[in-house]
Number of protein chains: 2
Amino acid sequence: MEFSSKLLENAVYEISQLPGIGKRTALRLVLHLLRQDIDQTTRLSSALVNLRTEINFCKSCHNISDVELCEICANPLRDKEVICVVEDIRDVMAIESTGQFRGLYHVLGGKISPIDGVGPSDLFISSLVDKVKAGKVKEIIFALSSTMEGDTTNFYIYKQIEPYEVVTSTIARGIAVGDELEYADQITLGRSILHRIPFENSLKS
Amino acid sequence: MEFSSKLLENAVYEISQLPGIGKRTALRLVLHLLRQDIDQTTRLSSALVNLRTEINFCKSCHNISDVELCEICANPLRDKEVICVVEDIRDVMAIESTGQFRGLYHVLGGKISPIDGVGPSDLFISSLVDKVKAGKVKEIIFALSSTMEGDTTNFYIYKQIEPYEVVTSTIARGIAVGDELEYADQITLGRSILHRIPFENSLKS
């Protein structure tokens with residue numbers, strides 16, 4: 001792409017550094033901003049800078065939070081003995097929106113992935129182990145995605161907390177509600193048969 | 001979506017104001033920025049603000065340009081008697097990349113669209129008419145998209161410059177090179193038969 005303006009080229013380049021946004025889309029977004037009021041651009045750029053410079057994380061679960069202890073961790077009605085281990089804030093939001101979980105979360109900040117240069121020390125694993133060591137946790141629920149990286153991370157953490165008295169579980173994998181069996185992949189269908197549950201339990205929710 | 005942080009919510013909201021970006025994608029982009037070096041965010045936001053505050057347009061063709069007269073208008077090798085009328089800078093870039101056009105451009109900045117509140121006075125039409133009036137232009141090529149808005153704009157400009165001695169043409173519509181006839185839409189196929197060209201001409205490029 002040949003640009004008639006350095007300013008334009010620079011803006012398009014910076015936007016196209018974002019994941020999933022190519023140069024064509026970046027140009028479309030930039031032209032949109034040029035057509036809008038200048039306020040929209042200043043609001044956007046200051047929102048990004050403010051977020052990046054002033055962002056805070058909950059000192060207990062490492063979720064993004066404006067206060068020292070996030071709303072969930074600070075809520076006296078939540079069950080502090082059950083901790084759900086997730087990758088990032090999106091997973092917290094997804095699980096919260098189901099309304100089915102009343103425990104706390106622990107945000108790892110990623111998954112162990114040697115290919116991307118992410119080792120156990122880059123994630124918030126030791127603080128999770130410390131919580132277990134302190135003996136106040138009854139159950140750890142693994143809710144990472146079931147990829148090789150997710151499974152590796154689960155297993156690594158499992159090995160760390162195995163010596164202590166804590167129940168570990170992982171969220172159920174199976175056919176999604178409403179899905180047709182014939183379109184399900186073999187591994188998922190296989191697991192859903194292997195880990196079948198008593199029929200009466202399925203009537204509960 | 002419920003956010004655990006006002007800063008995060010604000011950043012996601014501002015990004016999701018961009019066309020084609022929903023809240024989910026905005027959150028993904030924001031989390032990506034949080035994982036990157038802070039420099040990336042500052043570079044992105046200053047690139048946007050700089051573009052929006054310092055942007056200039058060519059005083060002749062209204063294309064985006066850092067200098068008063070854009071590279072194309074200032075090029076002595078371009079044919080100043082042929083002007084191609086386009087909607088925005090993306091069309092200029094697309095036509096330039098073909099290497100088939102040696103004339104100048106005139107960027108309207110949009111199309112006449114009463115539904116979006118865009119009237120003739122919102123576009124750079126009068127400056128185009130002035131160029132024709134000055135008598136230095138031999139041909140005007142309409143290269144707007146063939147939508148109702150594009151056709152309306154073409155016709156409006158055509159009516160304005162009709163009294164003057166100038167050839168008007170519009171880019172050829174037809175079956176795209178490499179496309180199968182059976183998948184072409186009826187209108188395009190119909191036009192490509194109506195506006196067929198001598199076979200020898202088709203051998204030229």
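Peptide B:47-60 has a mean of 6 when you count, residue by residue, the C-beta atoms of other protein chains within 10 Å of its C-beta. Annotation: the antiparallel percentage among DSSP beta bridges lying fully within the protein assembly as shown is about 15. Computed from the Cβ-Cβ distance with R0 of 51 Å, the FRET efficiency linking residue A:159 to residue A:181 stands at 0.90. What FRET efficiency comes out for the pair residue B:122/residue A:42, r = Cβ-Cβ distance, R0 = 22 Å, nearest 0.05? The computed FRET efficiency comes out at 0.40.
Bridges between two residues of the range B:1-145, per DSSP, are antiparallel at a rate of about 20%. Ordering B:72, B:98, B:155 by Cα displacement along the dipole of the range B:71-171 toward the positive end leaves B:72 in first place; charges were set at the Cβ atoms of Lys, Arg (+1) and Asp, Glu (-1).
Among the listed pairs B:59/B:159; A:23/B:111; A:23/A:111; B:59/B:136; A:133/A:204; B:111/B:131, those with a Cα-Cα distance over 22 Å are B:59/B:159; A:23/B:111; A:23/A:111; A:133/A:204. Relative to one another, the C-alpha centroids of the range A:172-205 and the range B:147-182 are positioned 58 Å apart.
Counts of other chain beta carbons within 10 angstrom of each beta carbon in peptide B:10-21 average 6.
Here the simple spin-label model places points 7 Å from the Cα toward Cβ, and for residue A:196 and residue B:145 these points are separated by 5.4 nm. Around the Cα centre of the protein assembly as shown, unit charges on the Cβ atoms of Lys, Arg, Asp and Glu (plus for the first two, minus for the last two) sum to a dipole of about 240 debye. Per-residue extension of 0.36 nm, minus the Cα-Cα distance of residue B:90 and residue B:35, leaves a gain of 16.6 nm for this segment. Taking Cα centre as origin and charging only the Cβ of basic (Lys, Arg, +1) and acidic (Asp, Glu, -1) residues, the dipole magnitude of chain B rounds to 140 debye. Kirkwood Rh over Cα pairs of the range A:82-146 into Stokes-Einstein at 4 °C, 1.567 mPa s: D in µm²/s? Rounded, D is 103 µm²/s. For peptide B:38-46, the mean count of partner chain Cβ atoms within 10 Å of a residue's Cβ comes to 6. Multiplying each eigenvalue of the alpha-carbon gyration tensor of the protein assembly as shown by 5 and taking the square root yields semi-axes of 57, 27, 18 Å, largest first, rounded to whole angstroms.
For the Cα trace of the range B:6-54, dividing Rg by the Kirkwood Rh returns an Rg/Rh value of 0.99. Computed about the Cα centre, the dipole magnitude for the range A:71-171 is approximately 320 debye when only Lys and Arg (+1) and Asp and Glu (-1) carry charge, each at its Cβ. When only Cα pairs below 8 angstrom with a gap of at least 6 residues are kept, chain A shows a relative contact order of 12 percent.
Bear in mind these aren't lab numbers, they're just calculated from the coordinates by the rules spelled out. Just so it is clear, the model here is predicted, and its values are computed rather than measured. We place every Cβ from the backbone using ideal geometry, glycine too, and count neighbours over all the protein chains shown.
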